[in-house]
Amino acid sequence: MAWNQSAAYALRRLLQAVPTVLVIVALNFLLLKLAPGDAADVLAGEAGSATPEFMAQLREKFGLDQPLGVQLLLYMKQIVTFDLGYSFRHSMPVAELILSRLGPTLLLMVTVFGLAVGAGALLGSLAARNLNRWQDNMISMLTVLAYATPVFWAGLMLIVLFSIKLGWFPTSGMQQVAAFHEGFAKVRDIAHHLVLPAFTLTMFYMALYTRLMRASVLEQSSMDYVVTARAKGLTERQIARRHVFRNALLPVVTMAGVQAGAMLGGAVVVETVFAWPGLGLLAYESLFARDLNLLLGIFFVSTCLVVIVNLIVDLAYSFLDPRIELR
Amino acid sequence: MQAGLSRFFRHKPAVLGLLLLLTVLLAAALAGVVYPADPFAMVGKPFQPPFGEHLLGTDQLGRDLAAGVLHGARTTLLVGVVATVIAIVVGVAIGGLAGYFGGRLDSLLMRFTELFQTIPFFLFAILLVAVLGASIGSVIFAISLVSWPPMARLVRGEFMSMRNREFIQACVSMGMGHARIVFVHILPNTLSSIIVTGSLMVATAILIESGLSFLGLSDANTMSWGFIIGSGRSVLRTAWWVCAMPGMAILLTVMAINLVGDGLNDALNPRLRSQ
């Protein structure tokens, strides 16, 4: 496949994402209008008190006296320049605040994504290859349990067992703040803190991908190319590894990409439980501080993140499977 | 139907799920009889471990956890079922219109559905409840608003394949109206898929509800499982059971619904059984 062809495809997909992002912005605006009070109320509240004349002045300054349509356009113009407003609670622009919390969330998500897809693919194909034997039954029991466990509760129970009773892992945070680790020690410290939150979120998604992979492997196993491979004398192990596994993995990876948004939602809960300093914890804090502007900013940025992840998965898919036509 | 029933009962996990689900329903129904007092009332010393004076122990304020779990079952099941019913109606309406009429309406409605699938749904639910205020109504609204897209996709696919079947074309050539074709001929034929997916949606709705109330986004005057876990979090070190018990209730309920849903799938869609 030519590079410029996939570059053109990526560009076209990026353009297709523009209306999605615009609708999200409009949705944000609608929610902002639905909420009680406007920016002038918030500012006046922060200042302590304000005269009606001052409030009217503020509304004029922010364009709040304009018709709704004009306000929406103003809001869109603001967002396009990545001006997401100002968080009075943190005394910081929202965009800057979100950017500083993006790293930990991405670290958590990438780890969970890799572990869940990897383990799910292995367990799923193991189950399919031992259909209705004890391995299959064990794995399906495990997935049924993991799929029914509320993520936040699993996190709390893991804290009780591994942090409070056994003392193996820290209960919260991303690193020991007072230790001032540098270099490799810092990486080790972060990894040590990452174990429990990543495991908590991985369990749930692993269960999902295991079920998908099992169904996918079963479907592939009845394909003609498997019969051909068997006829030319390959062992079952070779067929499973070289042929079935790779083909069966594709739909699982696509599904995982589509699920990126859901996983981000799961991250909110897990970050709250483990005080992992990412976007999810920021969302929880803004909920309590009644900082709606910040919450809307997080919502907007995470939706953009999902659009980007979907795009990357689509591109990866077309590289993995050359039969897919780039349209 | 007879064959479907016997297929369902041959499936052991589904029967186990059904028994579990009936137990949970019974517990919710009898909450007012077994624990007639307010579940928020303080009944004894705080931090009593389970299986002592009180079956599941007491929390940091001396509230009976067993009463909380039983009364919480009502809230959680109510929210889960009502939100799912709304989501099913919305999903069937949107998916049905798109699948039946096709063309530009279809592509428009599907773009809309895709948009809702792109949004990180839990964050969106948090945002909605935060803006509308934490009440049972807004929680139900938020959950149904984020749950309908899978149903719409399913119903669209079913309607599209039905639309080209011979018996439907016969209806069209007889001059039957759209409403009659849809409600008398297509919808009853897609009911089994809708029931299966809908039953699994209840499980997801319960998970979302408990997540929201764990974060403090629930009606402050109603007991719910997520709320107990959220409030017990601060005493995790001294009284793990405050969090553990309602969590077990969520796990068992969600598992029961999933098992019943899988069993229904096997019973109602026997051709799909190999998956």
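Assorted remarks:
- Placing one equal scatterer on every Cα of the stretch A:93-242 and applying the Debye formula, the log10 ratio I(q)/I(0) at q = 0.13 Å⁻¹ is -0.76.
- Averaged over residues, the count of other Cβ atoms within 10 Å places the peptides B:215-225, A:214-224 in the sequence B:215-225, A:214-224, highest first.
- Fraction of C-alpha pairs exceeding 42 angstrom in the protein assembly as shown: 28 percent, rounded to a whole number.
- Put simply, the amide H of A:Ser87, placed in the peptide plane, has neighbours under 5 Å in A:Met92, A:Val94, leaving out anything fewer than 5 places away on its chain.
- Our helix-only sum for chain B, with -39,500 (n - 2.57) per DSSP H run of n ≥ 4 divided by its residues, gives a mean residue ellipticity at 222 nm of -24500 deg cm²/dmol.
- Per-residue mean of foreign Cβ neighbours for A:151-158 is 6 (Cβ atoms of other chains, 10 Å radius).
- For A:Ala275, distant residues with modelled amide H under 5 Å away: A:Gly173
- Dipole orientation for the protein assembly as shown: of the candidates B:Tyr35, A:Phe288, B:Leu251, B:Leu251 has the Cα lying most toward the positive pole (charges on Cβ; Lys, Arg +1; Asp, Glu -1).
- Per residue convex hull volume, Cα atoms of the stretch B:161-275, in Å³: 143
- Protection proxy ranking of A:231-237, A:250-256 - average other beta-carbon atoms within 10 Å, highest first: A:250-256, A:231-237
- Under the membrane-span-like helix rule (DSSP H runs whose alpha carbons stretch at least 15 Å along the helix axis, mean Kyte-Doolittle hydropathy -1.0 or higher), chain B yields B:12-34, B:65-101, B:103-118, B:121-132, B:136-163, B:187-214, B:241-268.
- Cα lying deepest toward the dipole's positive end in the stretch B:158-275, options B:Leu217, B:Val184, B:Ser234, charges on Cβ: B:Val184
- Approximating the spin labels as points 7 Å out from Cα along Cα→Cβ, the B:Leu30-to-A:Lys33 distance works out to 5.3 nm.
- Under a Gaussian network description of chain A, with springs only between Cα atoms under 10 Å, the residue in A:Val258, A:Val144, A:Val70 that fluctuates furthest is A:Val70.
- Cα gyration tensor category, rounded, prolate or oblate, for the stretch B:58-124 with a/c compared to 1.5: oblate
- Charge dipole (debye, nearest 20) of chain B; +1 at Cβ of Lys and Arg, -1 at Cβ of Asp and Glu: 640
- Between B:Ala170 and B:Arg104, the modelled label-to-label distance comes to 3.5 nm, taking each label 7 Å out from Cα in the direction of the beta carbon.
- Using the Cβ-Cβ distance between B:Ala37 and B:Ser192 with R0 set to 56 Å, the FRET efficiency from 1/(1 + (r/R0)^6) comes to roughly 0.80.
- The chymotrypsin sites (Phe, Trp or Tyr not before Pro) found in the stretch A:174-250 that occupy coil by DSSP, while having at most 13 further C-beta atoms within 10 Å, are A:Phe180.
- Helix-only mean residue ellipticity at 222 nm for chain A, each DSSP H run of n ≥ 4 adding -39500 (n - 2.57), per residue, nearest 500: -24500 deg cm²/dmol
- Every pair of different Cα atoms in chain A enters the Kirkwood calculation, which places the hydrodynamic radius at 23.0 Å.
- For chain B, the spread of Cα positions along each principal axis, largest first, Å: 75, 46, 31
- Computed magnitude of the charge dipole of the stretch B:121-274 (debye, nearest 20; Cβ of K, R +1, Cβ of D, E -1): 260
- Cut-off of 10 Å, at most 15 other beta carbons, DSSP loop: longest stretch of chain B lacking such trypsin sites (Lys or Arg not before Pro): B:1-164
- Angle in degrees between helix A:134-148 and the longest Cα principal axis of chain A, rounded to the nearest 10: 10
- Interatomic Cα distance distribution for the stretch A:193-251, bins of 10 angstrom, percent: 21, 38, 23, 14, 4, 0
- Computed about its Cα centre, the charge dipole of the protein assembly as shown is approximately 2000 debye, with only Lys, Arg, Asp and Glu carrying charge at their Cβ.
The numbers here are math on the coordinates, done by the rules we state, and not lab data. Everything numeric in this text was worked out from a predicted model, so none of it was measured. Ideal geometry is used to build each Cβ from the backbone, glycine not excepted, and the neighbour counts take in all protein chains shown.
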